[in-house]
Amino acid sequence: MTLLFIFFIMKMNHGILISLACLALVAGCKKSPQPTPAPEPDPVPVEQEKIPIRLSAAVTKVTDLSFENADEVGLYVVNRDGSSLSASGNHLTNVPFTFDGSAWTAPQASYWKDQSTHADFYVYYPYVSSVTDISAIPFSISSDQSTQDKYKTCDVLWGTSKDIAPSGDPVPVKMYHSLSNILVYLVPGRGYTEETLSQQEVSLLVGGTVLEGNLNLSDGTVTAKGTPSDITPFKEDDHYRAMIVPQTIEDVTLISIRVGDDSYSLTRSGTFEGGKQYKCTLTINKVAEGISIGIGDWEEGDEDFGGVVG
């Protein structure tokens, strides 16, 4: 009896063990739950690429001379976002750009506001380091313009390019002469030939004009100021040339000339306009008393007109 009971218990325990083993085997066949992946962070917005502001090497004078190495211009940039040109607070205010013979460079990189905002560009020459009034940027020209280098340093230039879209390309700006220019020609009259006239010692002064002025950055116009003075012009081939601040003159000694031992003064009234070139032809006539001069009137272009005086 006791043996049968023990046998029965052992059979039950064996069945329990088998059942537990099967349960363990089934549990082992089930997949383990996978952890929920963490959400990926939103991508960090990429900053728009900054577009550098560059001036074209084609920034040039309209006529006459070209820019040379170390020439320096001043640049103002005004965004078309409701802004207007002012003495300060522009996108760029009076930034110097220097010409190295092939390109214009600034002391440090400048950039457009963004990739879509258009802008207006204002450029002037020569550069003035401190500008307090953009309607009156001061300048002065030399009374000694007797060499080409001295003559060239007297030039005042201004230009603008408006509604320019942001671009990595250099911005082209065409610059205009803000001053006047006078060309004086001497031609032989009665008693002279070209050869005999060329053999005479000649001295010539352009007088009666002021040498200072203010440049308006918004439109390139010039207002004259100062005391009238004489200018020694540059002798170029068959004529003399001088830069003149735009102004109106009345009964001033415009030309003083000495040919050999004889001298003559020419009194004139008139207006020099910015960006215009005027031609004055002096016809030298030898007379018993000395010389007389035939005068061609001022004008823009190559044609002379007028009468003879003296």
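The values are calculated or read from the model by the stated rules, or taken from the named source; none is laboratory data. As the structure is a prediction and not an experimental result, all values here were calculated from the model. Reconstructed Cβ throughout: ideal geometry from the backbone, glycine too, with neighbour counts over all protein chains shown. Quick note on the areas: whole protein, heavy atoms, side chains included, nothing else; ligands and nucleic acids left out. Shrake-Rupley method; radii C 1.70, N 1.55, O 1.52, S 1.80 Å.
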Worksheet item: Say R0 is 45 Å: what FRET efficiency, to the nearest 0.05, do Thr98 and Arg190 get from their beta-carbon distance?
Response: 0.25
Worksheet item: Relative to the present Cα-Cα distance, how much length would full extension add between Asp261 and Lys225 at 0.36 nm per residue of separation?
Response: 9.5 nm
Worksheet, complete the sentence: Kirkwood Rh over alpha-carbon pairs of the range 228-271 plugged into Stokes-Einstein at 37 °C, 0.692 mPa s gives a D in µm²/s of 273 µm²/s
Worksheet entry | Asn94 long-range amide H proximity, modeled H, under 5 Å | Leu75, Tyr76, Val77
Practice prompt. In whole Hz, with x marking every Gly and Pro, tabulate ³J(HN,Hα) for the range 222-231 from phi via Karplus 6.51 cos²θ - 1.76 cosθ + 1.60, θ = phi - 60°.
Written response: 10, 10, 7, 7, x, 9, x, 8, 8, 10
Fill in: Table column - 3J(HN,Hα) (Hz), the range 194-204, Karplus curve with 6.51, -1.76, 1.60, x for Gly and Pro
4, 5, 5, 5, 5, 7, 7, 7, 10, 10, 9
Fill in: FRET efficiency for Asp81 and Glu236, using Cβ-Cβ distance with R0 set to 51 Å, rounded to 0.05
0.60
Discussion item. Test of understanding: what is the full-extension gain from Ala136 to Asp169, defined as 0.36 nm times their sequence separation minus their Cα-Cα distance?
Written reply: 8.8 nm
Worksheet item: In the structure displayed, which of Lys225/Lys276; Lys225/Lys286; Lys150/Lys286; Lys113/Lys150; Lys150/Lys279 lie more than 29 Å apart, Cα to Cα?
Response: Lys225/Lys286; Lys150/Lys286; Lys113/Lys150
Item to complete: Determine the gain in length on full extension of the stretch Ser66-Asp149; use 0.36 nm per residue of separation and subtract their C-alpha separation, reporting nm with one decimal.
Response: 28.6 nm
Worksheet entry | Accessible area (Å², per residue) of the range 169-242, counting only protein heavy atoms and a probe of 1.4 Å | 48 Å²
